[in-house]
Amino acid sequence: MDDIAAAAGLGKGTLFRRFGDRAGLIGAVIASRMEPLQHAVREAAQAPGSSPRQRVRDLLDAALHFKIENRNLMAAAEDAGLSSPYRAEHYGWWHEILRAELDQVPGVHDPAFTAHALLATIRADLVAHLIDDQKMTPDGLRSALAAHVDNVLGARPEHP
């Protein structure tokens, strides 16, 4: 917090009054970075021509791309005690939009559970571990996720 306050030209007390604590500051940064992504996802969901199965793939790829680009911030959020990641506002948003798409994919038995299970594959700690520790490339991770989604949803030919 000291470094952030100094970089912003503010007193540490100002940061604490505005954000409460480190977790509040991290949450605000995540929300500001998520806003343009959420806008783009909402627009893409309304675009004609793509199947629900493809939209699920695209949503998870967008979420994974965000986690890759922001993995240190997302890991800091988990470390800062932002409670369970499942209680975070952005998690609820991702779950709901993914569940709504899964509702439209034939053969998905329990869209709510499937949304939770698919989102678990892109947890920040797992993304950081695979890229930073296991040296998996971002493109390799995105490709592995796409293959996993196809396995979960049962790869079927698309008929838009």
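The values are calculated or read from the model by the stated rules, or taken from the named source; none is laboratory data. In this text, all values refer to a predicted model and were calculated from it rather than measured experimentally. Counting neighbours? That spans all protein chains shown, and the Cβs are built from the backbone with ideal geometry, glycine included. Quick note on the areas: whole protein, heavy atoms, side chains included, nothing else; ligands and nucleic acids left out. Shrake-Rupley method; radii C 1.70, N 1.55, O 1.52, S 1.80 Å.
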Query raised in the report: Put +1 on the Cβ of each Lys and Arg and -1 on the Cβ of each Asp and Glu in the chain; which of SER51, LEU15, ALA100 then has its Cα farthest toward the positive end of the dipole?
Result: LEU15
Requested in this report: May I ask you to give the percent of accessible area on the chain that is carbon plus sulfur, with a probe radius of 1.4 Å?
Outcome: 54
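May I ask you to give the solvent-accessible area per residue for the range 1-92, in square angstrom, as obtained with a 1.4 angstrom probe?
58
Would you kindly calculate the mean projected area, averaged across all directions, of the convex hull enclosing the Cα atoms of the chain, in square nanometres?
Working: hull surface 41.5 nm².
One quarter of the hull surface, i.e. the mean projection, equals 10.4 nm².
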Report task. For the chain, with a Gaussian network of springs between Cα atoms less than 10 Å apart, report the residue from GLN104, GLN46, GLN54 with the top mean-square fluctuation. Result -> GLN46
Query raised in the report: Where Lys and Arg each count +1 and Asp and Glu each count -1, what net charge lies around ALA112 among other residues with Cβ under 13 Å from its Cβ?
Result: -3
**Report entry** Relative contact order of the range 4-84, defined on C-alpha pairs under 8 angstrom at six or more residues apart (%)
**Finding:** 37
Query raised in the report: Mind checking which of HIS95, HIS129, HIS116 has the largest fluctuation in a GNM of the chain, springs on alpha carbons under 10 Å?
Result: HIS129
**Report entry** Over the range 90-146, equivalent-ellipsoid semi-axes from the Cα gyration tensor in Å
**Finding:** 25, 13, 8
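Where the only charges are on Cβ atoms (+1 Lys, Arg; -1 Asp, Glu), what is the dipole of the chain about its Cα centre, to the nearest 20 debye? Let's see the in-between values first.
On the way: 17 positive and 21 negative charges, 37 e Å.
Dipole magnitude for the chain comes out near 180 debye.
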**Report entry** Cα-projected label distance for ALA7 with ALA146, points at 7 Å along beta-carbon direction, nm
**Finding:** 3.3
Report summary line: Tilt, helix 89-102 to longest principal axis of the chain (alpha-carbon atoms), in degrees rounded to tens, equals 10
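Just by accessible area at a 1.4 angstrom probe, what is the order of HIS90, HIS148 from largest to smallest?
On the way: HIS90 45, HIS148 75 Å².
Order by accessible area, largest first: HIS148, HIS90.
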